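Taking it in order: structure first as structure tokens, then the write-up.
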């Protein structure tokens with residue numbers, strides 16, 4: 001989103017979970033508007049509203065709620081003010097706000113690391129409620145959230161070292177990651193925001209068989225053979241759906257189903273980060289004239305739904321095809337159209353493209369040529385979708401070039 005103050009841009013392209021840090025603004029009355037960035041341009045989603053800013057005061061303006069929300073969860077500004085005064089001596093200052101529309105009311109426990117939970121620091125805090133600024137001694141703390149009156153932890157920050165002079169707004173926001181916690185924390189300070197995931201946050205990994213001339217395969221994880229689907233017997237164009245794994249480095253080996261050799265893929269020390277979502281593609285050819293060329297291709301996926309757009313990522317996973325042009329058009333005729341993506345080489349992807357909902361044709365050609373090798377393929381895009389379209393081919397196995405559409409949200 002873009003933030004305008006008195007008709008002039010103050011911030012541009014601020015994404016979910018990001019913060020500008022503190023910006024100096026003169027005391028007095030100001031008109032503030034927030035514009036959402038859409039595929040077709042921008043649209044004002046908040047304001048313009050008039051804010052009367054007092055001197056010597058710090059204001060945090062949070063865009064909270066959901067565009068499709070209503071009542072308490074409706075999208076809008078949440079303005080939090082506190083004295084513009086740094087903590088003194090060896091103290092810190094922390095203020096806490098419930099900014100997660102998808103989470104219920106919670107108890108907030110701020111304790112020494114590992115301390116038993118007793119009375120909450122803040123009890124039964126609903127969405128859009130915030131505490132007074134809390135002045136505490138610098139040191140190590142642990143922030144845990146529970147449902148009201150419960151000792152079952154739904155979020156755990158782990159140990160946090162807060163040095164003297166630290167001045168933070170701690171915002172609980174909806175968690176877009178792979179763990180069971182409904183929230184993550186944003187530590188918002190003078191220079192911006194840092195995400196603090198729950199200690200039980202996981203990674204998610206999806207395996208995709210994109211080698212047209214290879215048989216069904218087994219995927220071994222850290223030397224352990226699969227005993228059942230989805231890691232056992234994965235066929236061409238199939239995927240495992242997203243599997244939750246503890247964050248860390250992994251070894252992945254791919255073999256023909258039921259066999260220990262040959263290892264057509266042996267990928268060691270593949271790093272999977274907490275809160276991230278990945279797709280591990282097997283690409284290449286088994287019977288390439290120059291020898292087997294199968295290899296792993298790891299992509300970082302998006303798990304974030306945007307209510308005002310569809311997101312489409314295009315991947316060139318066709319080993320026999322040269323660099324390609326990709327067309328996204330309203331009709332099937334591309335003779336007068338310019339490619340949306342030009343000269344995309346094998347194993348490259350477009351990143352996620354923000355597109356308006358509607359009916360499109362996807363056409364893939366050799367770069368600089370108007371002759372379709374895939375398509376025109378009709379595709380209907382809906383706001384909130386996150387898709388990956390992988391171009392596949394195999395000249396040896398006699399499989400015509402085709403487009404594999406993967407749903408990066410519902411395939412979990």
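None of the figures in this text is laboratory data; all of them are computed from the coordinates on show. All of these numbers come straight from a predicted model, not from anything done at the bench. Cβ atoms come from the backbone with ideal geometry, glycine included; neighbour counts cover every protein chain shown.
Details
- Average Cα contact separation per residue, region 304-412, under 8 Å, 6 or more apart, as relative contact order %: 33 percent
- If the chain linking residue 26 and residue 163 were pulled fully straight, counting 0.36 nm for each residue of separation and taking away their Cα-Cα distance, it would gain 46.3 nm.
- Relative contact order (percent, whole number), the chain, Cα cutoff 8 Å, 6+ residue spacing: 10 percent
- A Förster radius of 35 Å combined with the Cβ-Cβ distance from residue 377 to residue 8 puts the calculated FRET efficiency at roughly 0.20.
- FRET efficiency for the residue 59 to residue 151 pair, using the beta carbon distance and R₀ = 25 Å, is estimated at 0.10.
- Fewest-first ranking of 5, 386, using other Cβ atoms within 10 Å as the exposure measure: 5, 386
- Percentage, to the nearest whole number, of Cα pairs in the chain over 26 Å apart: 63 percent
- Computed from the Cα positions only, the extents of region 1-118 along the three principal axes stand at 52, 35, 23 Å, in decreasing order.
- Dividing the convex hull volume of the alpha-carbon atoms in region 71-182 by its residue count gives 110 Å³ per residue.
- GNM remark for the chain: springs join alpha carbons under 10 Å apart, and the peak mean-square fluctuation among 58, 285, 311 falls on 58.
- Residues 186, 353, sorted so that the one with the fewest Cβ neighbours within 10 Å comes first: 353, 186
- Normalised by 2.2 N^0.38 Å, where N counts its residues, the alpha-carbon radius of gyration of region 117-162 equals 1.23.
- q = 0.13, 0.17, 0.19 Å⁻¹, region 304-412: log10 I(q)/I(0) [Debye, one scatterer per Cα]: -0.45, -0.77, -0.95
- Two-site label geometry, residue 343 and residue 235: point separation in nm, points 7 Å out along Cα→Cβ: 4.0 nm
- Applying 0.36 nm per residue to the separation of residue 249 and residue 221 and subtracting their alpha-carbon distance, the gain on full extension is 9.0 nm.
- Rg/Rh for region 2-196, where both radii come from Cα atoms and Rh is the Kirkwood radius: 0.97
- Take the Cα of residue 81, step 7 Å toward its Cβ, do the same at residue 332, and the gap between the two points is 6.2 nm.
- Per-residue Cβ neighbour counts within 10 Å put 25, 183 in the sequence 25, 183, beginning with the fewest.
- The P(r) of region 170-219 has a tail past 14 Å containing 63 percent of all C-alpha pairs.
- Per-pair calculated FRET efficiency, R0 = 41 Å: residue 400 and residue 66 via Cβ, rounded to 0.05: 0.45
- With the gyration tensor restricted to C-alpha atoms of region 190-281, the semi-axes of the equivalent ellipsoid amount to 29, 13, 11 Å, longest first.
- Cα Rg, Dmax, region 234-328, angstrom units: 15.9, 48
- Relative contact order for region 145-252: 21 percent, from Cα pairs under 8 Å spaced at least 6 residues apart, divided by residue count.
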